[in-house]
Amino acid sequence: MSLSNCLTKAVNYMAPFNTLTCLLGKLANAQAGSLTQFLIKSFIKTYGIDMSEVAQQDLASYKTFNEFFIRKLKPDARPIAQECTAAVPVDGTVGACGQLRAGRLIQAKGVDYSFKALMGGNNADCAPFEMGQFATFYLSPANYHRVHMPLDGTLVKTIHIPGRLFPVGRRNTSRLHNLYTRNERLVCLFGTREGPFCLIFVGAALVGSIHTSWGGTVVRRKGIKTSYYDPDQFTYKKGDEIGYFEYGSTVICIWPENQGALTNDIIQGTPVKFGQPMTI
């Protein structure tokens, strides 16, 4: 292991990311009046937020920083591709994509990780996706942070897996092995007309929380929690909102072999927008 990799690993393990995340989450949710407005305006300027896309453009209507951070877009800001099998679920950047091989997914060039560990260790949950395909999308702070359904489907099961909150930026994905299996995550299994589909919310440093449309804010815990849902209890159309992050993080999509190939635009390192074709 190189010296830079050793230093990266040491900093990640020594830094109190869970504590910092909790403290910053409280600040982001505080109704701080002029301070909140200053933070929002500074954020817009720093990250070049395109306010023409935002549904609510009156900044004074946002009472907390997080209210702005999880802002909604105008209905026509992201057309949903209908000719594809599945659409991209978020605005972000393709971190990695391709085929599962020998039960491993690519994290970055030269770095992979265990699919079984990512899913929480249950062989039955992993079996339908053997030799399947995946796409990982990284959301930077500048991105729109709501997550949408890639295709029509019904929620079958969720698995909340507690973990650390390491940063998920490019430096860590290339240097910190097994990053996604160390971080807190929510595995969501859906039934679709095409077959099973898996979408995973991965937490990270400074992520205030993971929120879903069916369960609200995910409560952090010590042990794995598995939840099952009745048929048709939570059914979504392609493009429907299913949750959001309260800071930058990662979404991983996984589907079985022969259930749609990645489009030519889904390439590692390429920016993407919610609604564009993901699989054909």
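Would you kindly derive the ³J(HN,Hα) couplings of region 48-63 from the backbone phi angles with the Karplus curve 6.51 cos²θ - 1.76 cosθ + 1.60 (θ = phi - 60°), listing them in order in whole Hz, with x for Gly and Pro?
Calculated HN-Hα couplings, in order: x, 5, 7, 6, 5, 8, 7, 5, 9, 9, 7, 4, 5, 6, 8, 7 Hz.
Under the rule of at least 5 residues apart or a separate chain, name every residue whose amide H is placed under 5 Å from the amide H of residue 103.
Under 5 Å from the amide H of residue 103: 131.
Could you tell me which of the pairs 63/222; 225/273; 63/237; 41/273; 74/237; 222/273 are separated by over 26 angstrom between their Cα atoms in the structure shown?
The pairs that break the limit, which is 26 Å between Cα atoms, are 63/222; 225/273; 63/237; 222/273.
Just to be sure I understand the model, the point goes 7 Å from the Cα along the line to the Cβ. What's the resulting residue 124 to residue 261 distance in nm?
Each label point lies 7 Å from its Cα, and together they span 3.4 nm.
List the residues, sorted by chain then number, that are 5 or more residues from residue 112 or on another chain and whose placed amide H is less than 5 Å from its amide H.
107
Once you place label points 7 Å from the Cα toward the Cβ at residue 83 and residue 240, how far apart are they in nm?
2.6 nm
What residues have an amide H closer than 5 Å to that of residue 261, excluding those fewer than 5 places away on the same chain, when H is modeled at 1.01 Å from N in the peptide plane?
Residues meeting the criterion, in which the H sits 1.01 Å from N, are 280.
Throughout, read-outs are computed from the coordinates displayed, never taken from laboratory work. Treat the numbers as computed from the prediction; the structure is a model and nothing was measured. Because the Cβ atoms are built from the backbone with ideal geometry, glycine has one as well, and the counts that use them run over all protein chains shown.
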